[in-house]
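Worksheet: the structure to be examined is printed underneath.
The values are calculated or read from the model by the stated rules, or taken from the named source; none is laboratory data. Source: prediction; values computed, not measured. Please note that ligands, DNA and RNA were not included when accessible areas were found on the heavy atoms of the full protein model with its side chains. Shrake-Rupley method; radii C 1.70, N 1.55, O 1.52, S 1.80 Å.
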Amino acid sequence: FSADILTGGKIDRKKLANAAFKSKENTELLNKTVLPFITVEIKKKIEKSGNEYILLDAPTLYESGTDKMCSSVIALLADEKIRKLRIIERDNLSEEAALLRLKAAKSDEYYIQKADKIIYNNDSIEEYSKQLSAILNKILEERKMSKTKKFVAIVLALIMSISCFSLISFAERRSHFL
């Protein structure tokens, strides 16, 4: 990427996103550049946490290879129209910029084939929270039986950040999550 992504000598995240999501090649370049550093940071936080269970919010889980460290992966999907509206609202983007991001994303089918569990986040936050809690409780029960030490990842397919609040809320109730 060129100096066009800088404002005042610092990376302007909106400009970087616009450049990165213009093409699949640019998205891949960004991922190849940034994801190795993110993966190192994830590993450091996991080692420091000392927690028995770890919950990741990882939109680029498969691209980074971090999925290999997970015992379970939950993909959160929503209808494209809903995703677009959520992206526009969350990031204060134009419709055109939101569509660029959606176009750069993997298809729902990709996540359906790779993930262990799927949650469709088309409804209220209460419905989403209920689905998430049920799945996480099931995974916890399965893990108790298997004694696995790997962690659970949540793959967000461009959903609104309210999911993060739900995860934090769930994690607070389950103090053994990072």
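With the cut-off at 27 Å, tell me which of the pairs LYS14/LYS117; LYS43/LYS138; LYS15/LYS130; LYS84/LYS130; LYS22/LYS117 have Cα atoms farther apart than that.
From LYS14/LYS117; LYS43/LYS138; LYS15/LYS130; LYS84/LYS130; LYS22/LYS117, over 27 Å: LYS14/LYS117; LYS15/LYS130; LYS22/LYS117.
Based on a Kirkwood Rh over C-alpha pairs, give the Stokes-Einstein translational diffusion coefficient of the stretch 1-116 at 37 °C and viscosity 0.692 mPa s in µm²/s.
Value of D from the Cα-based Kirkwood radius: 205 µm²/s.
Please give the contour-minus-distance gain from LEU6 to LYS114: 0.36 nm per residue of separation, less the Cα-Cα distance, rounded to one decimal in nm.
35.3 nm
Quick one: with all protein chains in place, what share of the accessible area of the stretch 14-157 is carbon or sulfur, to the nearest percent (1.4 Å probe)?
Solvent-exposed carbon and sulfur of the stretch 14-157 make up 53 percent of the total.
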